[in-house]
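A short worksheet on the structure shown next.
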Amino acid sequence: MEQRHLGRTGLRVSRIGLGTLTWGRGTDEHDAADMLKAFWEAGGTLVDTADVYGDGEAEYLLGRLMDGLVPRRDLVISTKAGSVPDPDRRVDGSRGHLLAALDASLARLGTDHVDVWHVHAYDPGTPLEETLHALDLAVGSGRVRYAGVSDFCGWQLAKAATWQLAAPGARTRLASTQMEYSLLQRGVEREVLPAALDLGVGLLPSSPLGRGVLTGKYRNATPSDSRGASEQLAPFVEPYLDDAASRIVDAVTTAADGLAVTPLQVALAWVRDRPGVTAPVIGPRTVQQLTAALSVEALSLPDEICRALDDVSAPVHRYPDHDWSTL
């Protein structure tokens, strides 16, 4: 698998990342082991997790598998901290919480460092410089190699990245940002992606298949074994089952038929090769789903297909998001 630099850093990662959101919850140890081994054998290196996935079970499971299945040195482990199971405070970006969460993550993963550590979300209740100081301390201690953020909007990302660049050597530059990005969700193109491109921050798209909808499996009905049929995850899928999304899925299916590939391959290749994208993070539940996604490696979409998909999925950009001189 092709490797790409993560933002403006020397770290190289596979251009497809393996997500572990369902590990320890919908994905058991056997399936997780099969997926990790298949991903590694395909040349994949970037494995993404978080301290809250499966209430810590995803990190614990990944740590057990690294112990004997896949060499730790061959993987780029990315985890996140800051989300908390508190209805009154869903995000805690305080220095104390973040550093304690990092120590707990390292214990579950069974490693002395993570390669990339992300702040899971912006915390309006904590000064941003305090949150970012936790990243500096983590990198300075050797427990973290590179740092990033997740689900920061445009101004939050720009402020954080600029703050870190203001004192070279004393602060750790942001390497990456994780945001949802797909043909069904292009909101990051308004401000987040331009900020990331300008500041040298690599984008790691989550839900690159539109929460599974872009595979085309929901076109006629909801499969009984899908997330859309799950009581817990159905509300996650439902926003992408409207008429506007259906038109985009139809266009993806038409392109796939013309190229003799699958809708999954078309949708994943589109987001993988967008400007500023380092590696989409996929979240397969089975090794079969993973194998289908990894088959995109040999596919590059023709320019005319990309333009057609761009047009059918184009988000509305109005003042001030769009270049004012063209309005």
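Heavy-atom accessible area of Glu180 with all protein chains present, probe 1.4 Å, nearest 10 Å²? Here the accessible area works out near 40 Å².
Any chance you could tell me what percent of the C-alpha pair distances in region 37-105 go past 16 Å?
So the pairs more than 16 Å apart make up 52 percent of the total in region 37-105.
What lysines does Lys80 reach when the alpha-carbon gap must be under 24 Å and sequence neighbours fewer than 8 apart in one chain are set aside? Of all the lysines, those that pass the test against Lys80 - Cα under 24 Å, at least 8 places apart if same chain - are Lys37, Lys159. Apolar share of the accessible surface for region 86-158: 51 percent from carbon plus sulfur atoms, 1.4 Å probe. For His97, the accessible surface of its heavy atoms amounts to roughly 50 Å² (probe 1.4 Å, protein chains only, rounded to the nearest 10).
Calculate for the chain the 222 nm mean residue ellipticity that helices alone would give, adding -39,500 (n - 2.57) per DSSP H run of length 4 or more and normalising by residue count, nearest 500 deg cm²/dmol. Working shown, then result.
Working: 11 runs with 123 residues, N = 327.
Dividing the helical sum by the residues of the chain leaves -11500 deg cm²/dmol.
Roughly how many Å² is the accessible area per residue of the chain, as a whole number, for a 1.4 Å probe?
Working: 14480 Å² over 327 residues.
Accessible area per residue: 44 Å².
Secondary structure note: in the chain, about 15% of the DSSP beta bridges are antiparallel.
By its C-alpha gyration tensor, with a ≥ b ≥ c as the square roots of the eigenvalues, how is region 48-205 shaped: rounded for a/c under 1.5, else prolate for a/b larger than b/c, else oblate? Please list the in-between numbers first.
Values: a/c = 1.44, a/b = 1.36, b/c = 1.06.
Because its axes are fairly even, with a/c under 1.5, region 48-205 counts as rounded.
Size of the dipole of region 182-327 about the Cα centre, Lys and Arg at +1 and Asp and Glu at -1 on the beta carbon, nothing else charged, in debye to 20? Intermediate values should be presented prior to the final figure.
Values: 12 positive and 18 negative charges, 73 e Å.
In debye, rounded to 20, region 182-327 gives about 340.
Taking the DSSP beta bridges with both ends in region 1-117, the antiparallel portion is around 35 percent.
Between region 184-205 and region 80-112, the alpha-carbon centres lie 25 Å apart.
Is the shape of region 192-272 best called rounded, prolate or oblate, per the rule: a/c under 1.5 gives rounded, else a/b larger than b/c gives prolate, else oblate, with a ≥ b ≥ c the square roots of the Cα gyration tensor eigenvalues? Please list the in-between numbers first.
On the way: a/c = 2.32, a/b = 1.36, b/c = 1.71.
In terms of gyration-tensor shape, oblate.
Figure note: Leu11, Leu36 ranked by solvent-accessible area, largest first, 1.4 Å probe, ligands and nucleic acids not counted: Leu11, Leu36.
For Met1, the accessible area of its heavy atoms, probed at 1.4 Å with every protein chain present, is near 50 square angstrom.
The values are calculated or read from the model by the stated rules, or taken from the named source; none is laboratory data. All values derive from a computational prediction rather than experimental measurement. A quick note on method: Cβ atoms are made from the backbone with ideal geometry, for glycine too, and the neighbour counts reach across all protein chains shown. When the accessible area is computed, the model is the full protein with side chains, heavy atoms only, and any ligands, DNA or RNA have been set aside. Shrake-Rupley method; radii C 1.70, N 1.55, O 1.52, S 1.80 Å.
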